[in-house]
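Asks: I am attaching a structure below and will ask some questions about it afterwards.
The values are calculated or read from the model by the stated rules, or taken from the named source; none is laboratory data. Everything numeric in this text was worked out from a predicted model, so none of it was measured. Here the Cβ positions follow ideal geometry from the backbone for every residue, glycine too, while neighbour counts run over all protein chains shown.
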Amino acid sequence: MAASTALFLILRAAHVLLAAVWVGATVFTTFFLLPSVAEVGPAAGPVMGALIRRRLPVFMGSVGGTAVLTGIYLLYRFTGGFDPALSGTTAARVFSIGGLCGIVALIIGGAVVSKNAAKMGELGARLASAPETDRAALAAQMIKHRQRATTFSQVVIVLQFVALVLMAIGHYV
């Protein structure tokens, strides 16, 4: 087996595994973690702080970013170096649209979801030691950031699902 073929297979497997982890972590966060945080209310502040300290946003960004980068390499290889003749095929367009969905999901996840999660962690840490008079305002801010994180996490999931479907059918269209 040629070295370039081995590299391709390794990066393709890595791409699929990273995408699976990224989508799974996003689904868990959106449908289980954030609703649990909402249910518990301000008491969830320390948990959000701990997730930030454990670098959950960095993990999500790293996994998503590496999935996107490996996907760009795979598209590059599939289109013969982005050759216009090959890039114009239906399969290449389907892969490209899926890749664009993944890139947009990564940007929204990093720019909106992770920033709001970080703000929730920061507010949660402040809430524990805040004077009683400030707690209601801090809790209201936490709710606002949780709602924004939840809404945009759902957008990210839709984009990830579209990307997954398009990647799954790309070779067959």
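Asks: Being hydroxyl-bearing (Ser, Thr, Tyr) and over 15 Å from Leu34 (Cβ atoms) is the filter here; which residues of region 115-173 pass it?
Replies: Ser129, Thr133, Tyr172
Asks: Looking at Leu75, Leu56, Leu34, which is the one that is modelled with pLDDT of 95 or more and within 21 Å of Val156 (Cβ to Cβ)?
Replies: Checking each option against the conditions leaves just Leu75.
This table checks each residue for (1) more than 21 Å from Ala163 (Cα to Cα); (2) among the polar types (S, T, N, Q); (3) at pLDDT below 95; (4) surrounded by fewer than 21 Cβ atoms within 10 Å (Cβ to Cβ).
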| site | (1), (2), (3), (4) |
| --- | --- |
| Thr79 | no, yes, no, yes |
| Gly88 | no, no, no, yes |
| Arg93 | no, no, no, yes |
| Glu122 | yes, no, yes, yes |
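Asks: Now for a separate question. Consider only pairs whose beta carbons are under 9 Å apart and that are at least six residues apart or on different chains; among these, list those whose first residue lies in region 64-77 and is more than 16 Å from Thr5 (Cβ to Cβ) and touching a residue at least 40 places away in the same chain (Cβ under 8 Å) and whose second residue is assigned to a helix (DSSP H, G or I) and among the aromatic types (Phe, Trp, Tyr).
Replies: Between residues of region 64-77 that are more than 16 Å from Thr5 (Cβ to Cβ) and touching a residue at least 40 places away in the same chain (Cβ under 8 Å) and residues that are assigned to a helix (DSSP H, G or I) and among the aromatic types (Phe, Trp, Tyr), the close pairs are Gly64/Trp22; Thr66/Trp22; Ala67/Trp22; Gly71/Phe95.
Asks: Name the single residue that is farthest from the chain's Cα centre (by Cα) among those in region 124-133 being assigned to a helix (DSSP H, G or I) and either surrounded by 12 or more Cβ atoms within 10 Å (Cβ to Cβ) or touching a residue at least 60 places away in the same chain (Cβ under 8 Å) (or both).
Replies: This residue is Ala128.
Asks: Quick one: count up the residues across region 24-46 that are surrounded by 16 or more Cβ atoms within 10 Å (Cβ to Cβ) and either without any contact (Cβ under 8 Å) to a residue 40 or more places away in the chain or more than 17 Å from the chain's Cα centre (by Cα) (or both).
Replies: Residues meeting the conditions: 6.
Asks: Another question about this same structure. Taking the conditions exactly as written (β-branched (Val, Ile, Thr), surrounded by 19 or more Cβ atoms within 10 Å (Cβ to Cβ) and within 26 Å of the chain's Cα centre (by Cα)), does Ile52 satisfy them or not?
Replies: yes
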